[in-house]
1. Please compute the length gained on full extension between residue 42 and residue 322, using 0.36 nm multiplied by the number of residues separating them and subtracting their Cα-Cα distance.
2. So how far apart, in nm, are the two label points at residue 294 and residue 185 if each is 7 Å from Cα heading toward Cβ?
3. Going by how many other Cβ atoms sit within 10 Å of their own, how do 274, 35 line up, fewest first?
4. Rank-order 285-298, 230-243 by packing density, defined as the average count of other C-beta atoms within 10 Å over each peptide's residues, highest first.
5. Report the gain in length on full extension from residue 29 to residue 302: 0.36 nm times residue separation, minus Cα-Cα distance, nm rounded to one decimal.
6. Provide the packing ranking of 63-69, 48-54, 213-219, i.e. peptides ordered by the mean count of other C-beta atoms within 10 Å per residue, highest first.
Amino acid sequence: MPEKVPDIQPDPPVEIRQILDGDVMAGARLIRCIEAGDPAAAQMLGKLYSHAGNAFVIGITGPPGAGKSTLINSLITMFRKKQFTVGVVAVDPSSRKTGGAVLGDRVRMQAHAGDKGVFIRSMAARGAAGGLARAAKDTCLVLDAMGYEIIIVEPVGSGQADLEITTLVHSLGLVAIPGTGDGIQAVKAGLLEAADLFIVNKTDLPGAASEMMTLEHLVQQRSLEPDTWQPPVVGTCARTGEGVDRLADLFLDHRQFMKDHQVLEKIQTAQAGEYFNTLVRQMVMDRIDPWIDRQVAAFLDTAAQKAAVAADPYQAARKLADRLTRFLAEPDSEVF
Ligand SMILES: Nc1nc2c(ncn2[C@@H]2O[C@H](COP(=O)(O)OP(=O)(O)OP(=O)(O)O)[C@@H](O)[C@H]2O)c(=O)[nH]1
Ligand SMILES: [Mg+2]
């Protein structure tokens, strides 16, 4: 009779087991729950958490139309050749966009349909509690727990989401295209400090060499501590795949560098701390919001308070805020 392995935890529920076994349908179901902001998702994520943390998470950011999705499609091919399994999360942060952009990404990466080592999710984060960063992070966790070794995140579009991506990924590639001054824009957006790899895509277009030189110059101006990663600048033509093999190698080099210098662990610890902070903040706000609404309504219930607000809403708000925060610190005190 086989010896029973003592286990303090009961067996994971079937659905969790399926996800850990890499079941695509079960993974997709949980990701749909995350997108919809279903509270049941958090419970399942909690059970998956200790099984995750093995994937290498890459971000590909850059201006709209730079070729991020095409590049990811090509990167998937290169990583597959190197025997890695790959998960992709393309996130649509904006509520104004229709499903079209997201659908377009899925089509662009269609070449890998049928490959069991590739899982691509385009997601809209509109309904999800905590928005884009949280939904994308949770989706990465699912892919990680499913066993994908490399996860690539593309925030669709640009803007605020660009810097937010640094809280999700271990290695960030910034895509620029020739003749657009993207490099200079990146500096303005603070992305120069955040990116680990600079990619000039569309090298088939004129001006690629000078765009690369501009970026190399900008990168060299960064004051780097000794023994830190020197971000390389790499040219790619995502359409033909030229340069993408080297790009894949550079991402792997960066991972190795981070492992060798104990940076990966630090990033993971810092990101876990940030994420915990986000979770607590969000849970507290969810509970506190309705309470604040009730207190404000009660405050406005008297004619005198109404007059105070009409006379100087800033001062009245400050006074009420003081009382509310005092009450939170000392719950035995009276709000009013
Ligand atoms: N000439 C040329 N065109 C490219 C290259 N890579 C991508 N493109 C084209 O650029 C256009 C935009 O490509 P996408 O991959 O959708 O770009 P994206 O950055 O994902 O775009 P968004 O997700 O909408 O921000 C498409 O028409 C691609 O075919 C390239 O290396 N050379
Ligand atoms: Mg795209």
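Laboratory data are not the source of any read-out in this text; all were calculated from the coordinates shown. These numbers were taken from a predicted model, which means no experiment stands behind them. Note that each Cβ is placed from the backbone with ideal geometry, even for glycine, and that neighbours are counted across all protein chains shown.
1. Details: separation 280, 0.36 × 280 = 100.80 nm, distance 3.34 nm.
Gain in length upon complete extension: 97.5 nm.
2. Label at residue 294, label at residue 185, 4.8 nm between them.
3. Least crowded to most crowded, the residues run 274, 35.
4. On the way: 285-298: 11.6, 230-243: 18.9.
The densest-packed peptide leads the list: 230-243, 285-298.
5. Details: separation 273, 0.36 × 273 = 98.28 nm, distance 5.01 nm.
Result for the pair: 93.3 nm of gain on full extension.
6. Details: 63-69: 19.9, 48-54: 13.6, 213-219: 17.3.
Ranked by mean Cβ neighbours within 10 Å, highest first: 63-69, 213-219, 48-54.
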